[in-house]
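Laboratory data are not the source of any read-out in this text; all were calculated from the coordinates shown. Note that this is a predicted model, so its numbers are computed, not measured. Heads up, the Cβs are rebuilt from the backbone with ideal geometry, glycines too, and the neighbour counts pull from every protein chain shown.
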Amino acid sequence: MLITTCGNSEMLAKKLAKQLRARYLPLTIAAFPDGDLYLRYPVASLKSQTVVLVESFQPHPNQTFLHVLFAAETAKDLGAKKVILVAPYLAFLRQDARFKPGEAISSQIMAKLLSKAVDKIITIDPHLHRYASLNELFTIPGKRLTADPLLAEYIQRHYPDAVLVGPDWESSQWAAAIAKSLGMASTTLKKKRLSPTNVQVRFVDHLAVKGKTVVLVDDILSTGKTIAAASREARKRGARQVVAIAVHGVFVPGAQETVKRAGVSPVITTNTITHPTNKIDVTPLLAAALREGT
Ligand code: R5P
């Protein structure tokens, strides 16, 4: 097994190679003077090899998509018998319907193209909302991992007396599941999305947060507006401290300031996307999935 990356997940790919005692293969990715993509493997042949391409779809999801397609096609062209895409964070999943006439359904397009380019996909906590499983999107085998146990372990170690709050019903699959596994109190807020950058959330039950540490748990932290709105509500109800834990820290520009202004501290993420807030390492999760079967 050979492990490589297009650059977004270099640290993760190297750690994974070490844990699996596999060879790490650095790719050269550059641009020709006119901007065209240039990609090169440091070997002349990948004959009979299984190539594991570890690449998070953040930052620069559109460019990353092209990198992944080029890397996968080239691996096959060089003789690889199998290309497995490990996408710790998979993008394009939130546009999973035609919300306005004429829109592209990004998740379907992404899945269609990737299904042609790679033989298997492994991802962590994909934002599956209108699709129940990866099999409904991809025509290749897909493995959906969850960072839940890692988040639970972190919360138990650092915030054993907290109450867990999911800022919307989609996040309740993380907040409620983790709370249940730890025997902690939890609630899910009701969220109304007014625009891609504006949300309203409100408590719909009487969970006591006064004087307590509230841990907000979500899959994605992108603009930070969801976490910020939830934090303000928790503070209004007298929460002593508001912590946010997200699986995928996308952090668009300004997001960190947004959550800080709303009184969230600290913000913790897993390393599915490389970011200074990474405190939870998903390498063992990915290593176990690759050991189980390639
Ligand atoms: C939405 O359904 C997700 O679970 C997250 O709550 C959302 O993606 C967070 O986005 P933002 O940080 O932009 O509010």
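Could you tell me which of the pairs Lys112/Lys143; Lys143/Lys225; Lys120/Lys279; Lys191/Lys212 are separated by over 18 angstrom between their Cα atoms in the structure shown?
Working: Lys112/Lys143 16 Å; Lys143/Lys225 30 Å; Lys120/Lys279 28 Å; Lys191/Lys212 22 Å.
The answer is Lys143/Lys225; Lys120/Lys279; Lys191/Lys212.
In a DSSP loop and with at most 15 other Cβ atoms within 10 Å, the trypsin sites (Lys or Arg not before Pro) in the stretch 54-90 are Lys81.
Which ordering of Trp169, Trp174 is given by a fewest-first count of other beta-carbon atoms within 10 Å?
On the way: Trp169 12, Trp174 23.
Ascending Cβ contact count within 10 Å gives the list Trp169, Trp174.
Count Lys and Arg as plus one, Asp and Glu as minus one, and take only other residues whose Cβ is under 10 Å from that of Lys82; the net charge is then +2. Evaluated over the Cα positions of the chain, the convex hull gives a direction-averaged projected area, one quarter of its surface, of 16.2 nm². When the inverse distances between all different Cα atoms of the stretch 148-271 are averaged and flipped, the Kirkwood radius reads 13.9 angstrom. Each residue in Val204, Val52, Val43 was given a count of other beta-carbon atoms within 10 angstrom of its own, and listing them fewest first yields Val204, Val43, Val52.
Modelled spin labels at Glu292 and Arg23, positioned 7 Å past Cα toward Cβ, are 2.8 nm from each other.
Can you spot the aspartates and glutamates whose alpha carbon is less than 15 Å from Lys260's alpha carbon? Ignore those fewer than 8 places along the same chain. Here the aspartates and glutamates satisfying the reach criterion relative to Lys260 are Glu233. Neighbour counting of Cβ atoms within 10 Å sorts the residues Thr213, Thr270, fewest neighbours leading, into Thr213, Thr270.
Per-residue ellipticity at 222 nm for the chain, helices alone: DSSP H runs ≥ 4 residues times -39500 (n - 2.57), over residue total, nearest 500 deg cm²/dmol?
Details: 8 runs with 91 residues, N = 294.
The per-residue figure over the chain is -9500 deg cm²/dmol.
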